[in-house]
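Any read-out appearing in this document is the output of simple, stated calculations on the displayed coordinates, not a laboratory observation. Because the structure is predicted, anything quoted here is derived from the model rather than measured. Ideal geometry is used to build each Cβ from the backbone, glycine not excepted, and the neighbour counts take in all protein chains shown.
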Protein chains: 2
Amino acid sequence: MYIEKINNPNDLKKLSAEECKELASEIRGLLLDRASKIGGHVGSNLGMVEATIALHYVFNSPVDKFVFDVSHQSYTHKILTGRKYGFLDSDRYSEISGYTNPDESEHDLFQVGHTATSISLASGLAKARDIRGTKENIIAVIGDGSMSGGEALEGLDFSASELKSNFIVLFNDNGMSIADNHGGIYKNFADLKVGKGSAADNMFKALGYEYIFVDDGNDVEKMISVFQKVKDTDHPVVIHMATTKGKGYEPAEHDKEAWHWRRPFDLETGELKSDFNGERYDRVMRDHLLEKMAEDPEVVTMIAAVPDSLNFTSEHRKKAGKQFVDVGIAEEHAVAMAAGLARNGCKPVFATMSTFFQRTYDQISQELCINNCPATLLVINASVYSVNDVTHIGIFDIPMMSNIPNLVYLAPTNKQEYLAMVDWSIDQKEHPVAIRAPRNGVFYADGEVDKDYSSLNKYKITKNGEKIAVLALGDFYQMGEELVASMAESFGISATLVNPRYITGVDSELLSEIEKNHDLVITLEDGVVDGGWGQKIASFYGTSDIKVMNYGLKKEFIDRYNLNEVMEKNHLCVDLIVEDIKNLRMF
Amino acid sequence: MYIEKINNPNDLKKLSAEECKELASEIRGLLLDRASKIGGHVGSNLGMVEATIALHYVFNSPVDKFVFDVSHQSYTHKILTGRKYGFLDSDRYSEISGYTNPDESEHDLFQVGHTATSISLASGLAKARDIRGTKENIIAVIGDGSMSGGEALEGLDFSASELKSNFIVLFNDNGMSIADNHGGIYKNFADLKVGKGSAADNMFKALGYEYIFVDDGNDVEKMISVFQKVKDTDHPVVIHMATTKGKGYEPAEHDKEAWHWRRPFDLETGELKSDFNGERYDRVMRDHLLEKMAEDPEVVTMIAAVPDSLNFTSEHRKKAGKQFVDVGIAEEHAVAMAAGLARNGCKPVFATMSTFFQRTYDQISQELCINNCPATLLVINASVYSVNDVTHIGIFDIPMMSNIPNLVYLAPTNKQEYLAMVDWSIDQKEHPVAIRAPRNGVFYADGEVDKDYSSLNKYKITKNGEKIAVLALGDFYQMGEELVASMAESFGISATLVNPRYITGVDSELLSEIEKNHDLVITLEDGVVDGGWGQKIASFYGTSDIKVMNYGLKKEFIDRYNLNEVMEKNHLCVDLIVEDIKNLRMF
């Protein structure tokens, strides 16, 4: 095994090209073995094996600097830079993250998990190099759909003309975004592939780049020779490299979308080891939206390259027909386009991950909210119970979104309420509405839920009590129920429980009512406390005698966290809250 | 005068082409007359007169729909759609805004003030049209530097291939961003202009658009005939129209940057009617940064198409040389590039308007803050005392930015503190730092200010007192001083005054100390209260007996507001706060 001898990039440089091919095959085995056991990004990593070997063969990392876009395709890079243990030894899998990470290695420049960032980051490295007078090569690796992202396009445009020095963009064109590609540039890239690098118009050359086409980015020898040619170039160059997503593993080559990211699978057959067949909110909402669209031709479901956020497979997309829009990786465009759809009489529902809505603060504020366009935003994975990679955590949306004027941000507490809120939002014409999709399991309403949410900021008392009131928002409502139950036991108090429903405002009337026969208000929210919803309650009661305790998460970046530890650390457990109340010596 | 007969676009359609030319000249007179008296966007509006006449001559607004990018170049459109009173009658100038505004006219689709939005907004209108089966023309008007913005590029890419129907992009190429153009696409556009529409590669055609070049967009007949040709097209078309920014007014044609937006001027000479020669923070900081850059070659000043935010004229840019970077309209790129510069050993300082930082929430969070890259962000015009157009108001930055982990957001209260904070930020290597440039006039420190801000979240007591503590952040510090002074008079209380300095955190130690001999804490902040800094203080004291009053602005969009009215409405006046305190019946 060649892999045994490779502990850093210098070891790699001793191999012959033929041996590099062998090594590629060994690495592919490691990638598949690990992914089959714990899941991960499969397709793009399989496609990048040869190019990554060639990068490290030709360039001199970490002096020469690679910036991987999204960095979900950096597994081979990790294997070659001293981290093969994370792929060879199942006990050490968790020691490496799924993304580049400077804490792991000097060969990683940035912690990156969002798309379309590499060119701009690399342009900063290049500019700093030029200012400081050093001579290293700077290489941005991008592909897998990222090229349509506004930041990538801005970076591509800027770097083409403003950097008059070494700058190499390696564009991994595997013909896919996460799902299909969308957008005119992909047609141009496809034309260039057909023409082996020639087309009537070439976007990269139009911008001013030297352009090199490589028809087989999975040929390690070819890639080595291309990199040798561009090494130490004195101007910006794009290498447009065609690769096969999923290369070398038949199931992944065959169904590229399903194998972009994969849960643990049987290596032999590619079948998932387990499938979750219970009720899940993504599927619930997908089916609901399909029904709504069938009933009403003006409803349009929009996603931005992650159809998986609603489990909208190609079959469902086909069913929705022209009422389904995948804008590709272009979240800003999506929100602005939703504003346009709403303004011209349609009913757009744009769903994406909470972490990707971060791309659209300005579009939400300006295009949607200043204009009061009645579009619906479904905020997926906004929860501590969700993805735990630091670049994808969903605990920041409340401060970010809930303080934008005119937006109505709703937090459903169960399935019926979720569906009712979506129905109301789709059909109303007054407000831009965001809805925070629950993530703590599917719960059911006890009775009928409200259908009309047009009286804004009206919280709902679900259990009348006294002395202590628990205001439990969205995903944390069930924790609120438990907490109220434990008050009876711990303090002999029949506490009040409130389902606030509206994240974007305070129900002054209800809060004033509560003030009359309560001494303590507890707020629970599934997100950071700072700048969030509970602090508005604390502020409301600032001059009152009532006490307020705000529970939620500390403002910090947490990576690959253990859920229970995080909950405990933030006292988000009934026992610890009860303890805190006891320490107040009020009851 | 033809203008007298034009009350709506239908009146225009009765004119001959020759008469349209006369009309253009009359409109140009109106534009200049109004701008000379009250200021406004001059250059781009002068350049768009003929094209706008031609648009309304050929198309049928409001059935056919125009979306103006930034919409600062929509003055002629306003004149032709029933709003000429806003240009003819100086008593009615203020009845029209500087941007498109659906409240003014059915011919305006959106309230727009940020760049790069028109194509995406228009694509939503077009998609809705196709779904609803109507047949109107949809026209996005873009130019003046907006094309380099990520959202525009996303929209251009999407619309090229995903809309298979009528979609017209009118690209007004006047060869300028606000300052010079930056980026490879502008080189392509310049090549296309030289080649009268031909170049080796054409970015628009690469994306899949039909492409039409017009060498003189200031020729109304030519524009009419081009629009007649594309009207009712069944596919996406780009019209690349070369115009002269400032057309028809020599001073504006000559110095395009100075005439992008202009304060009142003498119509004869173009000279400003008054110039502010006192001390201003933009110039103070510009000179300070020029000094820093001269001393330290690793300091890099970055702006994004608004050099005016630091009053960095071409002369100063030349002086800064390679240490000055204007990325063009590409804010996302700017923040990511700053992260790259910092990671490779430089000391970037990126300055832009608070409202444009809204474009960069994700880049601040991911590229800068997760990676803890020591870049400095100068947040300009973040204040109620600043720009009052709804699309540009600067009162939302605190909730948006201060709740991002790892960011150190500082609020200086005077000139010396501002400079000291910038100096500290530039030279430290631990944190991404944002600094909120003051906007309430230049104040001076009483004595020495701290040079080191590395002990985070340490507030400073500037006057020791008892019973009432006033925590007055940044721009509102001077109001805090007045308030404290009035406490002595009103209540006979020697109140405490605190300069919090850090927006991003709470000084628990100091707050606990204050708790001992105070009954009331008042927070003052120059921004919306919801999700802001003061609510963190209210939350901190939630279980204490101390009372808290949070002062700042209500979460709402306010347009062309009267400062005094807004301040009064929000009780941001010493008298009204004193009244509120009296109403508590505590003192």
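Over the alpha carbons of the range A:426-471, what is the largest minus smallest coordinate on each principal axis, giving the biggest first in Å?
Its Cα atoms span 39, 26, 19 Å along the three principal axes.
Sorted from shortest, what are the nm distances separating the label point of B:E106 from equivalent points in the other copies, each placed 7 Å from Cα along Cα to C-beta?
The projected label point of B:E106 is separated from its counterparts by 7.0 nm.
Determine the dipole magnitude for chain A: charges of +1 sit on the beta-carbon of Lys and Arg, -1 on that of Asp and Glu, nothing else is charged, the reference point is the Cα centre, and the result goes in debye to the nearest 20. Present the calculation step by step, with values, prior to reporting the outcome.
Values: 60 positive and 88 negative charges, 152 e Å.
Here chain A has a charge dipole of around 720 debye.
Set Lys and Arg Cβ to +1 and Asp and Glu Cβ to -1, take the dipole of the protein assembly as shown about its Cα centre, and tell me which of B:A304, B:F491, B:F276 lies farthest positive.
B:A304
Using a Förster distance of 41 angstrom, determine the FRET efficiency expected from the C-beta separation of B:S94 and B:E482, and round it to 0.05.
That pair, B:S94 with B:E482, gives E of 0.85.
For the range A:432-528, take N as its residue count and report Rg(C-alpha) divided by 2.2 N^0.38 Å.
Working: Rg = 13.5 Å, N = 97, 2.2 N^0.38 = 12.5 Å.
Normalised Cα radius of gyration, the range A:432-528: 1.08.
Using +1 on the beta carbon of Lys and Arg, -1 on that of Asp and Glu, and nothing else charged, what's the dipole of the protein assembly as shown about the Cα centre, debye to 20? It would help to have the intermediate numbers written out before the result.
Numbers: 120 positive and 176 negative charges, 184 e Å.
I would put it at about 880 debye.
Which of the listed residues, A:S97, A:W424, A:C20, is farthest toward the dipole's positive end in chain A, when Lys, Arg count +1 and Asp, Glu count -1 at the beta-carbon?
My answer, from the dipole projection, is A:C20.
At a temperature of 25 °C and a viscosity of 0.890 mPa s, determine how fast the protein assembly as shown diffuses translationally according to Stokes-Einstein, using the Kirkwood radius over alpha-carbon pairs as Rh; express D in µm²/s, rounded to the nearest whole number.
Details: Rh = 30.9 Å.
The calculation lands on 80 µm²/s.
Starting from the alpha-carbon convex hull of chain B, give the projected area averaged over all orientations, in nm².
Values: hull surface 113.7 nm².
Directional mean of the projected Cα hull area for chain B stands at 28.4 nm².
Which Cα, out of A:I514, A:A152, A:L584, lies furthest along the positive dipole direction of chain A (beta carbon charges, K/R +1, D/E -1)?
Result: A:A152, furthest along the dipole toward the positive end.
For peptide A:394-407, compute the average count of partner chain beta-carbon atoms within 10 Å of each residue's beta-carbon. Please report the intermediate quantities before stating the final value.
On the way: counts 0, 1, 5, 0, 2, 9, 9, 3, 4, 13, 9, 10, 3, 1.
Partner Cβ neighbours, averaged per residue: 5.
Can you give me the Cα centroid spacing of the range A:209-265 and the range A:290-314 in angstrom?
32 Å
For the range A:2-262, take N as its residue count and report Rg(C-alpha) divided by 2.2 N^0.38 Å. Walk me through the numbers before you get to the answer.
Details: Rg = 17.0 Å, N = 261, 2.2 N^0.38 = 18.2 Å.
The range A:2-262 yields a ratio of 0.93.
What angle, in degrees between 0 and 90 and rounded to the nearest 10, separates the Cα long axis of helix B:574-584 from the longest principal axis of the Cα atoms of chain B?
With both axes taken from Cα atoms, the answer is about 60 degrees.
Antiparallel DSSP bridges in the protein assembly as shown: what percent, to the nearest 5? Please report the intermediate quantities before stating the final value.
Details: 16 of 128 bridges.
Percent antiparallel among DSSP bridges in the protein assembly as shown is about 10.
Take the alpha-carbon centre of the range A:379-444, take the same for the range A:549-579, and report the distance between them in whole Å.
20 Å
If I model a spin label as a point 7 Å beyond the Cα along the Cα-Cβ vector, how far apart are those points for A:E19 and A:S512 in nm?
About 8.1 nm, to one decimal.
Give me A:D452, A:D255 sorted ascending by neighbouring Cβ count inside 10 Å, so fewest comes first.
A:D452, A:D255
Can you give me the Rg/Rh ratio for the range B:261-337, using Cα atoms for both radii and the Kirkwood formula for Rh? Each step should come with its number before you reach the end.
Details: Rg = 14.7 Å, Rh = 14.0 Å.
Using Cα coordinates only, the ratio equals 1.05.
List B:R560, B:R439 from most exposed to least, where exposure is judged by having the fewest other Cβ atoms within 10 Å.
Details: B:R560 12, B:R439 19.
Taking fewest neighbouring Cβ atoms as first place, the list is B:R560, B:R439.
Label points 7 Å out from Cα along the Cβ direction at B:Y85 and A:F587: separation in nm?
6.2 nm
Take the Cβ-Cβ distance between A:E250 and A:D216 as r, set R0 to 25 Å, and report the resulting FRET efficiency rounded to the nearest 0.05.
Values: r = 18 Å, r/R0 = 0.73.
According to the calculation, E is roughly 0.85.
Got the relative contact order for chain A handy, in percent, Cα pairs under 8 Å and 6 or more residues apart?
Across chain A, relative contact order equals 10 percent.
222 nm [θ] for chain B, helices only, -39500 (n - 2.57) per DSSP H run of 4+, per residue, to 500?
That comes out to -11000 deg cm²/dmol.
Apply the a/c threshold of 1.5 to the C-alpha gyration tensor of the range B:143-205 and tell me whether it is rounded, prolate or oblate. Display every interim value, and only then the final one.
Numbers: a/c = 1.97, a/b = 1.31, b/c = 1.50.
Judged from the Cα gyration tensor, the range B:143-205 comes out oblate (a/c at least 1.5, b/c at or above a/b).
How shielded is A:341-351 by partner chains, expressed as the average number of their Cβ atoms within 10 Å of its Cβ atoms? Let's see the in-between values first.
Details: counts 9, 3, 9, 16, 6, 8, 2, 3, 0, 0, 0.
Taking the mean over all residues of the peptide, I get 5.
From Cα coordinates alone, what are the radius of gyration and Dmax values for the range A:281-436 in angstrom?
Cα radius of gyration and Dmax of the range A:281-436 are 14.0, 40 Å respectively.
Between A:F276 and A:K429, what length in nm is gained on full extension when 0.36 nm per residue of separation is reduced by their alpha carbon distance?
Working: separation 153, 0.36 × 153 = 55.08 nm, distance 3.70 nm.
51.4 nm is the gain from fully extending A:F276 to A:K429.
Label-point separation (nm) for B:K569 and A:E291, each offset 7 Å from Cα along Cα-to-Cβ?
4.3 nm
Which whole-angstrom value gives the distance between the alpha carbon centres of the range A:108-134 and the range A:189-203?
What the calculation gives is 28 Å, centre to centre.
How far, in whole Å, is the nearest Cβ of chain A from the axis relating it by rotation to chain B, and which residue carries it?
Nearest-to-axis residue on chain A, with distance in whole Å, is A:G150, 1.
Taking the label point 7 Å from Cα in the Cβ direction, how far apart in nm is B:D296 from each other copy of itself, listed shortest first?
Inter-copy label distances (nm, one decimal, shortest first): 5.7.
State the extension gain, in nm to one decimal, for the chain segment bounded by B:R132 and B:N8, taking 0.36 nm per residue of separation less the distance between their alpha-carbons.
Details: separation 124, 0.36 × 124 = 44.64 nm, distance 2.71 nm.
The B:R132-B:N8 span can extend by a further 41.9 nm.
Please state the relative contact order of the range A:1-111 as a whole percent: Cα pairs under 8 Å, 6+ residues apart? Don't skip to the answer; put the middle values down first.
Numbers: 137 pairs, mean separation 31.3, N = 111.
Relative contact order comes out at 28 percent.
Pairs of alpha-carbon atoms within less than 8 angstrom and 6+ residues apart define the contacts here; what relative contact order does the range A:303-415 have, in percent? Can you show the working numbers first?
Details: 145 pairs, mean separation 26.1, N = 113.
Once divided by the residue count of the range A:303-415, the mean separation gives 23 percent.
Considering just Cα atoms, how many Å³ per residue does the convex hull of the range A:460-584 enclose?
Values: hull volume 12.8 nm³, N = 125.
It comes to 102 Å³ per residue, whole-number rounded.
Got a sec? How would A:F587, A:F227, A:F167 order by Cβ neighbour count within 10 Å, fewest to most?
Working: A:F587 14, A:F227 22, A:F167 28.
Going from sparsest to densest Cβ surroundings: A:F587, A:F227, A:F167.
Find every distance from the label point of B:D11 to the corresponding label point in the other copies (7 Å from Cα along Cα→Cβ) and write them in nm, one decimal, shortest first.
Values, ascending and in nm: 8.2.
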